[in-house]
Amino acid sequence: MQAALSTGLSPSLARDLRDVARSLTDGIARSQRFVLSPLSKAAIDDLADPKILNASRDYLFLPAERVWIEWHDDRIIFPGAGRMGVLLEAAHTFRPDLPYSLTMGRASVYLPGAPGSPVPFRQIAGLFDFPAEGSALRFKDVVGIEGVDEDIAGAWVCAALCLINTPRIADVRPHDHSKLNRARQRKGKPPVLDWGEVHIRIDAGTPGRGDQISPTEHRALHHVRTHLRIRMGHVELVRPHWRGDPQYGVRLHRHVVTRAEDEPGSWKGGPLPAPRVLHEMEDPAEAVPEDEAPRTRPGPGCG
């Protein structure tokens, strides 16, 4: 986007591009980030059947209040080549107990720009309402974008959510800054902000345990995505929330959706930032880009 702004665009086009770029980068920074591997993306291509996904609408939900899903591709559902992404934002409900919905909101898909266009990407806007009748996700700006089928595109995003929400099939890479932060706390120094990866293995075989298997009182503050669990014989939906203690640091995640045969590559988005000292706290749910540190602790009501 910065390269496009330096290529001599008209003032009005440059202004529009800056506004869209600001909205996009702000949306990504505030989201839980999910990266689709090449093989998981191929699996979603196979699952993107509108009839099947619409029949599964009762089991569709967002893994967080704001979700950014990205992938690299040059075929099948969305035209173009290179990095693509969809930003999903939950609708507000104006209820103190449920401030936002996990099944209703807006979606924006970002595709590479058309060949020869000075604008680096195209946007397809849409709305999702999983419990409602009709298509679970409808895009409204597909006119003029060759190769996009509205129903299949909506089903594709829904299929991606199905794989992301696979119950408890995840591998959290080990990390522990509690000793370091306890030492810093004794000296009156601030805790550490850290980034890490959660690997969601869609072909892992057996799901993991649904209960909490490790204490959180001495763990860094971290986000827990929406998940299903069995409690007293009933399946219930656990809303996304923040868990842990910020005095032991803050942990931000990049979720990587993979299959066993996937190989490392540029599709992951490059290395994560190095840990840095958290001088002031900020709500990680409202986090700024990865190269800046949060400054306040998240408030209650997200769990």
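Worth pointing out:
- Share of carbon and sulfur in the accessible area of region 13-127 stands at 56%, probe radius 1.4 Å.
- Candidate cross-link partners of K179 among the lysines, defined by an alpha-carbon separation under 22 Å and a same-chain spacing of 8 or more, comprise K187, K189.
- I152 accessible area, assembled protein chains, probe 1.4 Å, Å²: 60
- Surface accessible to a 1.4 Å probe, per residue, for the residues of region 222-278, Å²: 52
- Förster radius 25 Å - calculated FRET efficiency between S117 and R83 (Cβ-Cβ, nearest 0.05): 0.95
- Calculated accessible area for region 54-111 comes out at 44 Å² per residue, all protein chains present (probe 1.4 Å; ligands, DNA, RNA ignored).
- Here r is the Cβ-Cβ distance between A55 and D16 and R0 is 35 Å; the resulting FRET efficiency, rounded to 0.05, is 0.35.
- Of the residues K51, K189, K179, ranked by 1.4 Å probe accessible area with the largest first, the sequence reads K51, K179, K189.
- Long-range amide H partners of R254 with built H, under 5 Å: G196, E197, V198
- Sites matching chymotrypsin sites (Phe, Trp or Tyr not before Pro) across region 8-97 that sit in DSSP coil, with at most 13 neighbouring C-beta atoms within 10 Å: F94
- Under Karplus coefficients 6.51, -1.76 and 1.60, residue-wise ³J(HN,Hα) of region 46-61 in Hz, glycine/proline x: 6, 8, 6, 9, x, 5, 5, 5, 5, 6, 9, 4, 5, 10, 9, 7
The values are calculated or read from the model by the stated rules, or taken from the named source; none is laboratory data. Every value quoted in this text rests on a predicted model; they were computed, and no experiment measured them. With ideal geometry, Cβ positions are generated from the backbone for all residues, glycine too; neighbour counts draw on all protein chains shown. Surface areas here come from the heavy atoms of the whole protein model, side chains and all, with no ligands, DNA or RNA. Shrake-Rupley method; radii C 1.70, N 1.55, O 1.52, S 1.80 Å.
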